[in-house]
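Heads up: the structure comes next, in structure tokens.
The values are calculated or read from the model by the stated rules, or taken from the named source; none is laboratory data. Quick caveat, the model's predicted, so the values are computed rather than measured. Heads up, the Cβs are rebuilt from the backbone with ideal geometry, glycines too, and the neighbour counts pull from every protein chain shown.
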Amino acid sequence: MSPRVALLLALAAPACVVPPDLARARQESKAARAAFAPDPEERAGLLEFVGAIHVHTELSHDSDGTPEEIASAARHARLDFVALTDHFTRKITRQLSGVRRGVLFIPGAEISRRGGSILALGLREWFQPRGLDWDEVASEVEARGGIPFLGHLEHYPAERGPGRFRGAGIVNLHAALREGLEGWGSVAFVLSVVGWQFGSWTGLRYLPLVRRQDAVVETWDRLAQERPFAAFAESDAHAKLGWGPVLLDPYDAVFRLVRTHLLSPAREERALLDSLAAGRGFVAFDALADARGFRFRGRAGEHLAFLGETLPFGPDARLEVSVPAAGKVVFYRDGVFVAQVAGPEVVLPVSRPGVWRVEVWLQVWGTDRLWIFSNPIRVVPVEPAPPAAGP
Ligand SMILES: [Zn+2]
């Protein structure tokens, strides 16, 4: 074997062999779903749907993806929905919507703004955005029945606060790929990404992209403290980024890597977008292990709060987390680390009000990797009862 081939195989090997720690997590996740009994969410009429948000098609200048190609990749990746976000031109009126190959397509646009971007989901019309500031664009989107979110949070001037936006991506795969391709690490990065060619799909070929984008998470935490502000995953799929003859971001792989899970009464455009805006969901790197069934709830006295909801603070207030595999459950309050507890079932007493959220980390080859990022539950102080009216 030539040294070059040996080096290639050595770098590609992690992408072809499932490490024992991850294999165990996958087994647990499968068993958890097989044993799945109706949970409080389901009894409240909320079902789990998995999808990709921020997807470009041939209607964008930087993508050649046809509707047929995207629909079949989404079906293959077992997605329930795909939220399209072509660059904002008059062509967006030609976007796919409704069910194709068993996948629900939600139209929308990506409107560029000083290096950053606005994701207008559910928008079907074009308007002239030139000369409008961030919030004016958001109002125009709302006036046309769309919901404005932020993309590429790394370029957003966070000092202006959440404005009229309902949430933002906490991970953007396109930005992560571009970062990976910069500098000296790029050769090893590309080799590990193309390593899948030597083996079957193990979900690990994109392991270098399975990571927490710390600066983006920090910005998101700041915005979410001001008012309810949802988190989701941006696939930012173009199926266009390559290195020589190698396509680094095929739809199929991107759709399996990181997804947004939503709890919604129905797989219908308006219901899903409302759930997304309400933060009734979580982000998961499902390429590690299937995260369906992850739940995060708050309880205090009679009150029960689901993902994205508000819980009145009380002496018995607690947070419950149920994970489909035994990962490390990490709690944050207002963006600050509070506790780390081993899963899969965790109950944490709530010490004080704040914006509480959870991350779950899994070990892969002995190294912790971010697996799940939940939307928060807001624990709010209870107003003291007004004094009884005098006689
Ligand atoms: Zn984009």
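Of the residues examined, Glu140 is one that is away from the ligand (no atom under 16 Å from the Cβ) and either under 20 Å from Arg280 (Cα atoms) or surrounded by fewer than 24 Cβ atoms within 10 Å (Cβ to Cβ) (or both).
Answer yes or no as to whether Ser139 is among the hydroxyl-bearing types (Ser, Thr, Tyr) and at pLDDT 95 or above. It is true that Ser139 is among the hydroxyl-bearing types (Ser, Thr, Tyr) and at pLDDT 95 or above.
All of Val82, Val50 fail the test of being in a strand (DSSP E or B), within 16 Å of the ligand (Cβ to nearest atom) and either within 18 Å of the chain's Cα centre (by Cα) or aliphatic (A, V, I, L, M) (or both), apart from Val82.
Could you list, in sequence order, the residues of the range 241-274 that are small (Gly, Ala, Ser), touching a residue at least 40 places away in the same chain (Cβ under 8 Å) and either assigned to a helix (DSSP H, G or I) or crowded, with 20+ Cβ neighbours inside 10 Å (or both)? Answer for the range 241-274, where residues must be small (Gly, Ala, Ser), touching a residue at least 40 places away in the same chain (Cβ under 8 Å) and either assigned to a helix (DSSP H, G or I) or crowded, with 20+ Cβ neighbours inside 10 Å (or both): Ala253, Ser264. Among the criteria (1) assigned to a helix (DSSP H, G or I); (2) modelled with pLDDT of 95 or more, the one Tyr332 does not fulfil is (1). Applying the set (1) closer than 22 Å to Glu41 by Cβ; (2) without any contact (Cβ under 8 Å) to a residue 60 or more places away in the chain to Val338 leaves exactly one unmet item: (1). Just so you know, in the range 209-231 the residues that are over 22 Å from His174 (Cα atoms) and in a helix (DSSP H, G or I) include one that is farthest from the chain's Cα centre (by Cα), and it is Glu226. Restricting attention to the range 102-137, the residues that are within 14 Å of the ligand (Cβ to nearest atom) and either more than 24 Å from Ala237 (Cβ to Cβ) or loosely packed, with under 14 Cβ neighbours inside 10 Å (or both) total 1. Going through the range 326-336 one residue at a time, which ones are out of contact with any strand residue (DSSP E or B) (no Cβ under 7 Å at 6 or more places or on another chain) and not β-branched (Val, Ile, Thr)? Within the range 326-336, just Gly335 meets the criteria.
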